[in-house]
1. Between 79, 199, 171, where does the largest GNM mean-square fluctuation fall for the chain, given springs only between Cα atoms within less than 10 Å?
2. Compute the distance in nm between two label points, each set 7 Å from the Cα along the Cα-to-Cβ direction, one at residue 114 and one at residue 49.
3. Considering only lysines 8 or more places apart in sequence, or on different chains, count the pairs in the chain whose C-alpha atoms sit under 19 Å apart.
4. Using r as the Cβ-Cβ distance of residue 157 and residue 65, and R0 as 30 Å, what FRET efficiency do you calculate, to the nearest 0.05?
5. As a check on your grasp of the helix formula, calculate [θ] at 222 nm for the chain: sum -39500 (n - 2.57) over DSSP H runs of n ≥ 4, divide by the residue count, round to the nearest 500.
6. If I build a Gaussian network model for the chain, linking alpha-carbon pairs within less than 10 angstrom, which residue out of 131, 190, 107 has the largest mean-square fluctuation?
7. Output needed: Cys residues of the chain lacking any neighbouring Cys C-beta below 4.7 Å, sorted by number.
8. Net charge around residue 102, counting only other residues with Cβ within less than 12 Å of its Cβ (Lys, Arg = +1; Asp, Glu = -1)?
Amino acid sequence: MKRRSKTDPVCAPDVVSYTTVLHGLGLSGQLRRAREVLDEMPQRGVLPNVAAYNALIQVICKKGTVDDALAVFDEMLSRGYTPNSTTYNVIIRGLCHAAEFDRALGFVDRMRRDRCGPNVQTHNIIMRCYFEEGEIEKGLEMFDKMGVRGACLPNLDTYNVIVSAMFVRKRGEDMVVAGKMVREMVERGFLPRRFMFNRVVNGLLVTGNQDFARELLRLQDKCGRLRREIKI
């Protein structure tokens, strides 16, 4: 086998390599060094792409301030890059974590104007924020709008977020919503975990919804058989 030389271009780091490095530096808290890696890329003949900017914005949101992340977002735009749904979702999540919910909703509107979503991840982020703020009804209203005209179907994370939120107030009607979510999950082809089934069934029993609890127990038994069939 021919041995590659140190100057072999095949071994040269590409945009994926640099993105991986700056993301790792950022997660370790070395934000300044991560920024320097992005700035060094053109000097080394590698142009950053949207994914590289997304990685930097994400780590700044996690380890720095959302305003600094927005500054990088603005820089990205000024250099002619077009943000994608991942870019927007990272910014929206960062704003939600910084309790800047109104600004987060503004970016959701911006996604619509830019014809870039919102997608299911965006909805999950906003719903989780609504629930954490105690706005249960607004979160459920957003869920109801997701499937209108098939624009954005919920995924497994969507159902997990909603079911968990229904245990905040522990009201009987909230337990019914949780039960309906579990039933809808199965209808859409998702297999809920045993823990979720047991938690929702117990919640229904405690709040006096015995009939619905029995229905979910039968559904759980059916899902158990499905799991066995899949393993075979």
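Derivation of every value follows stated rules applied to the coordinates shown; laboratory data play no part. This is a predicted model, so every value here is computed, not measured. Positions of Cβ are generated from backbone atoms using ideal geometry, with glycine treated the same way; all protein chains shown enter the neighbour counts.
1. With Cα springs under 10 Å in the chain, the top fluctuation among 79, 199, 171 is at 79.
2. Calculated label separation equals 1.8 nm.
3. On the way: 138/170; 138/180; 145/180; 170/180; 180/222; 222/231.
Number of lysine pairs found: 6.
4. Numbers: r = 26 Å, r/R0 = 0.88.
So, using R0 = 30 Å, E works out to roughly 0.70.
5. Working: 12 runs with 161 residues, N = 232.
Per the formula, -22000 deg cm²/dmol.
6. Result for the chain, Cα springs under 10 Å: 190 fluctuates most.
7. 11, 61, 116, 152, 223, each lacking another Cys Cβ under 4.7 Å.
8. Details: positive: 103; negative: 100, 109, 133.
Cβ neighbours under 12 Å give a net charge of -2.
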